[in-house]
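S.K.: Before we start, here is the structure in question, set down as structure tokens.
The values are calculated or read from the model by the stated rules, or taken from the named source; none is laboratory data. What you see is a predicted model; the values in this text were computed from it and never measured. Glycine also receives a Cβ, built like all others from the backbone with ideal geometry; neighbour counts cover every protein chain displayed. The accessibility values were calculated without ligands, DNA or RNA, using every heavy atom of the protein model including side chains. Shrake-Rupley method; radii C 1.70, N 1.55, O 1.52, S 1.80 Å.
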Amino acid sequence: NTYSTSPASAGQEIWIKAKAHSVEIFDEDYHSITNHKRLYGKNLESMNWFPYLTILAKRPNALKYSGFYQELPNPWQDYLDSCDYDDKKKSLNILIKILKEKDMATATQSLEDCVLNGRANPDSILLSYYRLTQEDMNESFALPSSTVKLTEYTPDLTSYDLLLRGGEVR
């Protein structure tokens, strides 16, 4: 079977630690590069695209020819097809940020919310992501007792009313 590593380890010797349900790949100095679910069968392939996304973000037009594009959910494929070069680049960087912090389901939900509101662009996707993931602030804030209490002030606008009516102000 074939397991992906990372662009930095291309052409270098690697070490594999195969467990019952996972395969961990290490570099020459035994630092972990990536993890995969273990494949059972013959000639199967497990590709972890995350290490390659930063390279794809630098060359967004190559995205369509990658296997990662085929694995993207349909909303992301449709959105990226409609983007120009700069928006595609920004959107891929935002997708990388979301995938570092959360998962593809959250990224897709953020995009779908933007599409429903008619504002699908890189900035609105990021804002939608923050809105989905921010924690509610249900805490009540107590003001210190030294805070000065202000009495309610109601402005007297009758003089302005008189001016607008053409009257004379005293």
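S.K.: Give, as a single signed number, the net charge of other residues whose beta carbon lies under 12 Å from the beta carbon of P73, with Lys and Arg counted +1 and Asp and Glu -1.
M.R.: That works out to -4.
S.K.: For region 20-170, give the magnitude of the charge dipole about the Cα centre (Cβ charges: +1 Lys/Arg, -1 Asp/Glu; no others), in debye to the nearest 20.
M.R.: 320 debye
S.K.: Top to bottom by accessible area (1.4 Å), largest first, where do K37, K102 land?
M.R.: From most accessible down to least: K37, K102.
S.K.: Name the most mobile residue of F50, F26, F68, meaning the one with the largest mean-square fluctuation, in a Gaussian network model of the chain with Cα contacts below 10 Å.
M.R.: Ranking F50, F26, F68 by mean-square fluctuation puts F26 first.
S.K.: Largest first, how would Y129, Y3 line up by accessible area (1.4 Å probe)?
M.R.: The ordering from most to least exposed comes out as Y3, Y129.
S.K.: Under 24 Å between C-alpha atoms is the cut-off here; go through the chain and count lysine pairs that meet it, provided they're at least eight residues apart or on different chains.
M.R.: 28
S.K.: Using helices alone, I'd like the mean residue ellipticity at 222 nm for the chain: each DSSP H run of four-plus residues gives -39500 (n - 2.57), total over residue count, nearest 500.
M.R.: Computed mean residue ellipticity for the chain: -12500 deg cm²/dmol.
S.K.: Can you compute 3J(HN,Hα) from phi for each residue in region 76-84, using the Karplus curve 6.51 cos²θ - 1.76 cosθ + 1.60 with θ = phi - 60°, rounded to whole Hz and x for Gly and Pro?
M.R.: 5, 4, 4, 5, 5, 5, 8, 7, 7
S.K.: Per Stokes-Einstein, at 25 °C and 0.890 mPa s, what whole-number D in µm² s⁻¹ belongs to the chain, with the Kirkwood radius over Cα pairs as the hydrodynamic radius?
M.R.: D = 117 µm²/s.
S.K.: Loop only by DSSP, 11 or fewer other Cβ within 10 Å of the Cβ. Give me the GluC sites (Glu not before Pro) in region 18-78 that pass, ordered by residue number.
M.R.: E28
S.K.: Additional query: Add +1 for every Lys or Arg and -1 for every Asp or Glu among the other residues with Cβ under 12 Å from the Cβ of L111, and state the total.
M.R.: -2
S.K.: For the charge dipole of region 46-170, defined by +1 on Lys and Arg C-beta atoms and -1 on Asp and Glu C-beta atoms about the Cα centroid, which residue among L72, T154, A57 has the Cα displaced farthest towards the positive pole?
M.R.: A57
S.K.: Could you work out the mean projected area of the convex hull around the alpha carbons of region 63-143, in square nanometres to one decimal?
M.R.: Mean projected area for region 63-143: 6.8 nm², to one decimal.
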